[in-house]
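The values are calculated or read from the model by the stated rules, or taken from the named source; none is laboratory data. Since the structure is predicted, the reported quantities are computational estimates derived from the model, not experimental observations. Don't worry about glycine lacking a Cβ; one is built from the backbone with ideal geometry, like all the others, and counts go over all protein chains shown. Heavy atoms of the whole protein, side chains included, go into the accessibility calculation; ligands, DNA and RNA do not. Shrake-Rupley method; radii C 1.70, N 1.55, O 1.52, S 1.80 Å.
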Amino acid sequence: MGKNYPREIAKRLLDVAPKIAKGPVAVVPFKLKAQLLERLLGLILAEQANDGELDFLTGNWVGIEIKDLALNFEVSFQEGWHVRPLSKPQVTFSAESKELILIAAGKEDPDTLFFQRKLNIEGDTELGLEVKNLLLSIEFDAMPAPIRHGVEQVSTMIIKLQQQAEPELA
């Protein structure tokens, strides 16, 4: 992870990595992706579920569009997580995978990305704010270790590549 890349290679890696991941993601049946997402959400947000902090999602669907992976779905919570293909959510969050990983790792603020137009939020503004606040309430250190370590490793690599791709911004 400590390797330095020339500027053009760093830019290329940031561009190509999601394209490489997009192929395998596309061939996995949606039902399997939905089951994995339901389990991940259950692990990551277990504390919030137990504390009743997810009640606002009952009857509401939140759309997620990971543009560079062509992965689109919507989630709801009612006595457990439910994931279905993107249809008619009340609010939709869309971004590239790297921005979502940086948000998950706590390395990037959703508001900053929103104002930089790297995170789009469309639909029910109030529900969108509740979801954003929920995301900000997640304690990264409280995530299950395998998830936390994976997100940390990928986010560290993304930041390093971004710094090397645009050194004048670092």
Q | Acute angle (nearest 10 degrees) that the helix 125-137 long axis makes with the longest principal axis of the chain, alpha-carbon atoms | A | 70 degrees
(Q) Taking the alpha-carbon distance from LYS31 and a cut-off under 18 Å, which aspartates and glutamates remain once sequence neighbours fewer than 8 residues away in the same chain are dropped? (A) GLU65, GLU74
Q: Using only Cα positions of the chain, each an equal point scatterer, no hydration layer, compute I(q)/I(0) via Debye at q = 0.15 Å⁻¹ and quote the log10 values to two decimals.
A: -0.91
Q.
Among PRO85, PRO110, PRO144, which one shows the highest mean-square fluctuation when the chain is modelled as a Gaussian network with alpha-carbon springs under 10 Å?
A. PRO144
Q. Rounded to the nearest whole Å², what accessible area per residue is found for the chain with the 1.4 Å probe?
A. 60 Å²
Q. In 5 Å bins starting at 0, how do the alpha-carbon pair distances of segment 13-64 split up by percent?
A. 4, 15, 15, 21, 16, 12, 10, 5, 0
Q.
Counting other C-beta atoms within 10 Å, and keeping those with at most 14, which DSSP coil GluC sites (Glu not before Pro) do you find in segment 112-159?
A. GLU139
Q: Mind listing the long-range amide H neighbours of GLU74? Cut-off is under 5 Å, sequence gap 5 or more, other chains count too, H placed in the peptide plane at 1.01 Å from N.
A: ILE64, ARG84, LEU86
Q.
Given a 1.4 Å probe and heavy atoms of the protein chains only, how would you sort ARG148, ARG39, largest accessible area at the top?
A. ARG39, ARG148
Q) Over the chain, what is the percentage of antiparallel beta bridges among all DSSP beta bridges, to the nearest 5? A) 75 percent
Q: Would you pull out the residues with amide H under 5 Å of GLU108's amide H, same chain only if 5 or more places away, H placed 1.01 Å from N?
A: ILE103
Q) Carbon and sulfur atoms: what percent of the 1.4 Å accessible area of segment 1-83 do they account for? A) 58 percent
(Q) Give me the mean projected area, in nm² to one decimal, of the convex hull enclosing the Cα positions of segment 70-151. (A) 6.1 nm²
Q | Net charge contributed by nearby residues that have their C-beta within less than 9 Å of SER155 (K/R +1, D/E -1) | A | 0
**Q.** Accessible-area value, MET143, 1.4 Å probe, nucleic acids and ligands omitted, Å²
**A.** 20 Å²
Q. How far apart, in nm, are the 7 Å Cα→Cβ label points at ASP15 and LEU43?
A. 3.4 nm
Q. Hey, what did segment 20-170 get for relative contact order, percent, Cα under 8 Å, at least 6 apart?
A. 19 percent
Q) In degrees, nearest 10, range 0 to 90: what is the angle between the Cα axis of helix 30-44 and the longest Cα principal axis of the chain? A) 90 degrees
Q | Summed side-chain charge close to ALA70 - residues other than ALA70 whose Cβ falls under 14 Å, Lys, Arg +1, Asp, Glu -1 | A | +1
